[in-house]
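Read the structure below first, then the notes.
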Amino acid sequence: MGTKEQLLALFENNKGIYFSGEDIAEMLSVSRAAVWKAVKSLRSEGYHIDAVQNKGYSLSVETDILSEQGIRKYLRPSCSDLLLNVKAQVDSTNSEVRRMAASGAPEGCVMIAGSQTAGRGRRGRSFYSPVDSGIYLSLLLRPQEYTAAQAASFTTMAAVAVCEAIESVSGKRAQIKWVNDIFMDGKKVCGILTEASMGLESGFVEYAVLGIGINVSPPKDGFPDELADIAGTVFEEAGGDGKNRLAAEFLNCFMSYYKERPAEDYVKNYRSRSLVLGREISVESPNGAQRATALDVDEECHLIVRYEDGRTETLSSGEISVRLKKENE
């Protein structure tokens, strides 16, 4: 770890606290010139570092920049072995992790970016990933003897983890629009994409890449016209270390379900956070849209619906739409 990285870790763990250049140099076993150079480099990356005569340097408590050091300080001990990679921009965090997986990277590798140039959503759609307003995160999983159907549970598990992370950090309610979209106050704030590589001989998943994209705060220039009425954000404005806290809390919650907790827990929590149960929905199919009522979510998080003609069906995948109202409407 270089001087800049060590200094950032010190600042992140002591936001708002001043350290003299001499004290920092002693703690990091470097020269004061090296400290000044590291401070200058961090400032060039957007970090607000105050310098006060006779007090020293301090990282502003309102700093909201994704970093390994900023995320790791919020991780629970059970997540300490995660391998965090944080970049300002990538083409796609899922693509980055797939490349890492193909090179033999172990389970627990995480790629987190502040923006994507080729973000992907479900069914080949693009995923809007502007600079400095969201979290784009992908996690490598290597489950033992999982079928494709079992690996599908990662998406629903992640949906619950995102909701719990948002609620923990923001204090606001988050809900799940089956199967993989997270909504707050009638607008989408997160999408989830799980991709897997299957073993041709074994028939089991070789690895899975779980990707999430969270709109943390409004983009600088606002959302594009086609998203303005659909997309929302967790916070009304950036600040308070929101991105690092959300990223860490998602990993804490997801890994707890993945490693420790029984499936019944996330299924129960998925059902309780459903945005569609009891609502009239439109089910998309090759034969066109069909109106139905969402009745329940089963033990595998499949959606049970009843059509207008009285038929019931259990959906394991697909697209549905529902008219959403803001809570104050």
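Among Thr117, Thr3, the order by Cβ neighbours within 10 angstrom, fewest to most, reads Thr117, Thr3.
Scalar couplings 3J(HN,Hα) for the stretch 61-75, obtained by applying the Karplus form with A = 6.51, B = -1.76, C = 1.60 to θ = phi - 60°, are 5, 8, 4, 9, 10, 5, 7, 4, 5, x, 7, 4, 5, 9, 6 Hz; x denotes Gly and Pro. Using the Cβ-Cβ distance between Glu264 and Ser202 with R0 = 30 Å, the FRET efficiency computed as 1/(1 + (r/R0)^6) comes to roughly 0.60. Neighbour counts of C-beta atoms inside 10 Å place Lys243, Lys4 in the sequence Lys4, Lys243, starting with the fewest.
Simple spin-label estimate for Asp23 and Asn287 gives 7.3 nm between the two label positions (7 Å along the Cα-to-Cβ direction from each Cα).
By the beta-carbon count within 10 Å of each Cβ, the least crowded to most crowded order of Val216, Val86, fewest first, is Val86, Val216.
The alpha carbon centroids of the stretch 294-308 and the stretch 44-88 are separated by 43 Å.
Determine the alpha carbon to alpha carbon distance for each of Lys220/Lys268; Lys15/Lys187; Lys188/Lys259 and list only those over 31 Å. The pairs that break the limit, which is 31 Å between Cα atoms, are Lys220/Lys268; Lys15/Lys187. Projecting the Cα atoms of Val322, Pro262, Val283 onto the dipole axis of the stretch 234-328, where Lys and Arg carry +1 and Asp and Glu carry -1 at the beta carbon, places Val322 farthest toward the positive end.
Estimated from helical segments only, the mean residue ellipticity of the chain at 222 nm is -8500 deg cm²/dmol, where each DSSP H run of four or more residues counts as -39500 (n - 2.57).
Since every read-out is calculated from the coordinates, none of them should be taken as a lab result. Since we're looking at a predicted model, the values are computed, not measured. We place every Cβ from the backbone using ideal geometry, glycine too, and count neighbours over all the protein chains shown.
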